[in-house]
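The values are calculated or read from the model by the stated rules, or taken from the named source; none is laboratory data. Bear in mind the structure is a predicted one, so any value in this text is a computation, not a measurement. For neighbour counting, all protein chains shown are included, and Cβ atoms are generated from backbone atoms with ideal geometry for every residue, glycine included. Ligands, DNA and RNA are excluded from the accessible area calculation, which covers all protein heavy atoms including side chains. Shrake-Rupley method; radii C 1.70, N 1.55, O 1.52, S 1.80 Å.
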Amino acid sequence: MGKVSKLKLAVLISGGGSNLQAIIDACNAADYPAEIVLVFSNQLDAGGLERGRKAGIRAEAIPHKGFPGGREAYDAAVSTLIEESGADLVVLAGYLRLVSESFVTRWKDRLINIHPSLLPSFKGLHVHQAALDAGVKFAGCTVHYVVPEVDSGPIIAQAVVPVLPGDDAGKLAQRILKQEHRIYPQVIRWIAEGRVSVNDKGIVTVADAPQADFAEINPALEPG
Ligand code: GRF
């Protein structure tokens, strides 16, 4: 039987790379339609680089600090690496660096990000604390296509979790992170299967995806 070609991923990280790990784990299943061809970091000491190497994946870092020529030049170097890797899709997974408009244009429709809030609420940094400070009763995470405006762009999938009494930013982050690890590999699968489309209003549909069917109240209703 001929080998079916898989969608090639470049995963960009800055930190521990738990989302990267979730994607590596998904890719280990023989029937998963994607494979990672490059792990890239702007931080030499990003823990995720080791996760990549352990999995036998090419892992490279270029420190952004002191890179000559500024953001555009840096992003051009990153684009070159990605191009050389043959990646079809660029996956930002805790890449804590704003990407330039030319980078976004270069990878248009082939660049996705995960953000730990229910966008369009709580863009930017420190989003778990911002959600706690706002007193929202649900929080969550969003996978979206990247556009030049930060934490915007067509939303592909979201996961929701409750905010619980006694939460601090760390506890809430952990609860959300668990869901990030579920939705990111799923979204990549949908893209690899060619099931994700975006209309001219920026609304995404996933062909034949089972639709969530629930309503939740938090704090929950009491019986009776
Ligand atoms: C995640 O919460 C992700 O949503 C955010 O940065 C964090 C990265 O975590 N953009 P990890 O490096 O994948 O563990």
Yes/no for E84 being assigned to a helix (DSSP H, G or I) and acidic (D, E) = yes
Exclusive hit being farther than 30 Å from A29 by Cα and of a type in the set (A, V, I, L, M, F, W, C), set V143, V163 = V163
request  = Quick one: count up the residues across segment 93-117 that are under 17 Å from G15 (Cβ atoms) and part of a loop (DSSP other than H, G, I, E, B).
outcome  = 8
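A quick yes/no check of all residues on (1) open to solvent by less than 20 Å² (accessible area, probe 1.4 Å); (2) over 23 Å from Y184 (Cα atoms); (3) among the aliphatic types (A, V, I, L, M); (4) within 16 Å of the ligand (Cβ to nearest atom):
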{"site": "P68", "(1), (2), (3), (4)": "no, yes, no, no"}
{"site": "E83", "(1), (2), (3), (4)": "no, no, no, no"}
{"site": "A87", "(1), (2), (3), (4)": "yes, no, yes, no"}
{"site": "L92", "(1), (2), (3), (4)": "yes, no, yes, yes"}
{"site": "L96", "(1), (2), (3), (4)": "no, no, yes, yes"}
{"site": "I112", "(1), (2), (3), (4)": "yes, no, yes, yes"}
{"site": "H115", "(1), (2), (3), (4)": "yes, no, no, yes"}
{"site": "L118", "(1), (2), (3), (4)": "no, no, yes, yes"}
query = Across segment 120-149, what is the total count of residues that are closer than 30 Å to E84 by Cα, hydroxyl-bearing (S, T, Y) and away from the ligand (no atom under 12 Å from the Cβ)?
reply = 1
ask   = Does segment 26-66 hold any residues that are exposed (fewer than 14 other Cβ atoms within 10 Å of the Cβ), within 21 Å of R189 (Cβ to Cβ) and hydrophobic (A, V, I, L, M, F, W, C), and which are they?
value = A29, A30
query = Since G166 meets every condition but one in (1) at negative phi; (2) open to solvent by 40 Å² or more (accessible area, probe 1.4 Å), which condition does it not meet?
reply = (1)
ask   = So which pairs qualify, if the first residue must be in segment 84-102 and in contact (Cβ under 8 Å) with a residue 60 or more places away in the chain and on the phi > 0 side of the Ramachandran plot, the second must be away from the ligand (no atom under 16 Å from the Cβ) and open to solvent by 60 Å² or more (accessible area, probe 1.4 Å), the Cβ gap must be under 7 Å, and the two must be at least 6 apart or on different chains?
value = G86/K8
ask   = Can you tell me which residues in segment 70-81 are touching a helix residue (DSSP H, G or I) at 6+ places or on another chain (Cβ under 7 Å) and open to solvent by 60 Å² or more (accessible area, probe 1.4 Å)?
value = E72
ask   = Checking A209 against (1) open to solvent by 50 Å² or more (accessible area, probe 1.4 Å); (2) of a type in the set (G, A, S); (3) under 18 Å from H144 (Cβ atoms), which test does it fail?
value = (1)
query = With I155, I183 as the choices, which residue is in contact (Cβ under 8 Å) with a residue 12 or more places away in the chain, open to solvent by less than 30 Å² (accessible area, probe 1.4 Å) and of a type outside the set (S, T, Y)?
reply = I183
key: One residue from K137, K171 being farther than 29 Å from K8 by Cα, surrounded by fewer than 18 Cβ atoms within 10 Å (Cβ to Cβ), at pLDDT 95 or above and in contact with a strand residue (DSSP E or B) (Cβ under 7 Å, 6 or more places away or on another chain)   = K137
